Amino acid sequence: MLRPWAAQWVTAVLLCRAVAQYSSDQCSWRGSGLSHEFHRRDVEQVYLRCSQGSLEWLYPTGAIIINLRANTDPSSGHTAGVHVCIKPQPYSQGSHVYLEHKGDLRLLLAEEDHVLGEVICFSLAEGALFVEAIPQMDISRRITSFQYELVPSHGPGAHMYPYLHPHSVACKPCSDEEVLMAVCSSDFAGRGVFRGVASATNDRSLVAVTLSRLFRQKSSVFSWGGVRGRGWSGRVSVPAQCGVRPGEDEYLLTGSVHFGSAWLGCAPRYKDFLKLYTREQEAGTNPCQIDTN
């Protein structure tokens, strides 16, 4: 539902003085509303071309439009199926966040929602982010801040990331093809066991794992020093409706990393993966090579 003050911005987007602001690294942007404090109807344009980054808007006044683009050739079609996920910082305040498409605004985050720090995702094709400052007499302590990620809706582990598919998380075994692709292209891949649920919320369980082998990892989500100081240890998030089986059975653990947290993707028993990998290796059809010894 469009809020009354937001409706005024639909026309303002087209009529107000727009200032193009490019970030130095095209991944993150940091700006100040004081730069146009006396032009409170300004709509500032921000262009970002990275798979992830952040925005920090000090003393928000007026509004900014954040144009996110995948860092690929638009004609390649790689942007199809790409989603944007945003996660506000708990201290973020001073603005509402909308999705803007051809002058229409849809509320994503009201100011009071920022403190929850919840992840919200939408399709990149749905439009740009429109961040509207709330008029304040004193803006000195207001900061709007959030992280963003561009996430393929059908990439490795995407079927287990609940914020992409909030009502249809696929708690199902991966196909042979999905397993082989997951070990090659996931943010992390390793051989290990589930130790047990460390904590749980309404939407996910945090499961402790120990890895005897780590083939790949992103953002150092696993640290050296597992059971008796051997192996790698860490925690992976699993949707609440998808269970795991703690014990001594070894699994191929793969998945994706979002906002610093590891999310489980394909996780077949390791002995089953090894049979599959060996068979495809002999046939010369493996998409990549790993050291399974």
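So here's what we get for this one:
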| quantity | calculated |
| --- | --- |
| Burial ranking of peptide ranges 261-273, 156-168, 106-118 (average Cβ count within 10 Å, highest at the top) | 261-273, 156-168, 106-118 |
| Estimated vicinal HN-Hα couplings, Hz - the stretch 173-187 in sequence order (Karplus 6.51, -1.76, 1.60; Gly, Pro = x) | x, 6, 6, 4, 5, 5, 5, 5, 6, 5, 5, 8, 10, 6, 5 |
| Within-9-Å neighbourhood charge of Ala240 [Cβ basis; K, R +1; D, E -1] | 0 |
| Val169 long-range amide H proximity, modeled H, under 5 Å | none |
| Within-15-Å neighbourhood charge of Asn67 [Cβ basis; K, R +1; D, E -1] | 0 |
| Filter on Lys172/Lys271; Lys87/Lys271; Lys102/Lys172 - keep pairs with C-alpha separation over 29 Å | Lys87/Lys271; Lys102/Lys172 |
| Highest average packing first - 214-220, 62-68, Cβ atoms within 10 Å | 62-68, 214-220 |
| Radius 11 Å from Cβ of Leu180, net charge of other residues (Lys, Arg +1; Asp, Glu -1) | -3 |
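No lab work stands behind these numbers, since they all come straight from the coordinates. Remember, it's a predicted structure, so these values are computed and weren't measured experimentally. Cβ: placed from backbone, ideal geometry, glycine included. Neighbour counts: every protein chain shown.
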